[in-house]
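Notes to accompany the following structure.
The values are calculated or read from the model by the stated rules, or taken from the named source; none is laboratory data. Not measured: the values here are computed from a predicted model. Note: ideal-geometry Cβ built from the backbone for every residue, glycine included; neighbour counts use all protein chains shown. These area figures cover heavy atoms from the full protein model, side chains too; ligands, DNA and RNA do not enter into them. Shrake-Rupley method; radii C 1.70, N 1.55, O 1.52, S 1.80 Å.
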Amino acid sequence: MSVPYNPFELLTLPLLKNFQRSKQHLLIIQRFSWPGVPAGSGFMITPYMSENLARQHADTLEIKEGRLVNLYLEMDKVIILLNSSKYLLFVNSFREMRWSARVLSHYQKNVMAYLTANGFPGPQDQIEIELTLQWGKLEAIIRYGESKQTFYIYEMITY
């Protein structure tokens, strides 16, 4: 693997303020792992307008994985995280339109090794891979013939 490719947009102060202005004041801040992001320093930010959706997302989190933050009440805490050199905060949006193809292309050897190790036989061209972001986590939906399985892409690209 060469230089890690990360498709996610970095959080900036103008983007954070834009969330607040557009009434996306509820943020899920959760741990985020990716090649090239030092362990324990990455966080994924998912903004919400709807308290119901934000709480649904928060309910999917493991203990100490993350939490729901209200920007109207805790903007100063988020700014401290944002300005800290210890942390990298990413938004659940992508820097470019072709992010999925680039992730699969960049980490192809790792993904195929992972699939082979997990019982996906046969030629690569018969395996369909769709990447999707679900509750702040990038997932790979793998289709091979009639079977369909879902894996976290981080596990695949670091295999």
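Amide H contacts for residue 32 (H built 1.01 Å from N in the peptide plane; partners 5 or more residues away or on another chain; cut-off under 5 Å): 42, 43, 44. Using the Cβ of residue 153 as centre and a radius below 10 Å, the other residues enclosed give a net charge of -1, where K and R count +1 and D and E count -1. Region 18-39 and region 80-159 have Cα centres spaced 18 Å apart. Bridgeable lysines around residue 148 (alpha carbons under 23 Å apart, same-chain partners fewer than 8 residues away excluded): 109, 137. Other residues with beta-carbon under 14 Å from the beta-carbon of residue 101 carry, at +1 per Lys or Arg and -1 per Asp or Glu, a net charge of 0.
Extension gain, residue 128 to residue 56: 0.36 nm times the residue separation minus the Cα-Cα distance gives 23.0 nm.
I'd like the carbon and sulfur percentage of the solvent accessible area for the chain, probe radius 1.4 Å, heavy atoms only, ligands and nucleic acids excluded. Carbon and sulfur atoms account for 52 percent of the accessible area of the chain.
Between residue 83 and residue 33, the distance separating the two model label sites (each 7 Å from Cα on the Cα→Cβ line) works out to 3.2 nm. For the chain, the solvent-accessible area with a 1.4 angstrom probe is 58 square angstrom per residue. Could you pull out every one of the aspartates and glutamates with an alpha carbon less than 18 Å from that of residue 23, ignoring same-chain neighbours closer than 8 positions? Within reach: 51, 74, 76.
Label sites at residue 15 and residue 117, each approximated as a point 7 angstrom past Cα along Cα to Cβ, lie 3.1 nm apart. Within straight-line reach of residue 77, meaning a Cα separation under 14 Å, there are no aspartates and glutamates at least 8 residues removed in sequence or on another chain. For the chain, the relative contact order comes to 23 percent (Cα pairs under 8 Å, sequence separation of at least 6). Relative to the longest principal axis of the chain, what angle (0 to 90°, nearest 10) does the C-alpha long axis of helix 108-117 take? Between helix and principal axis, roughly 70 degrees. Magnitude of the charge dipole for the chain, about its Cα centre and with charges confined to Cβ atoms of Lys, Arg (+1) and Asp, Glu (-1), is about 440 debye. Label-to-label distance, residue 101 versus residue 149, with points set 7 angstrom from Cα along the beta-carbon direction: 2.8 nm.
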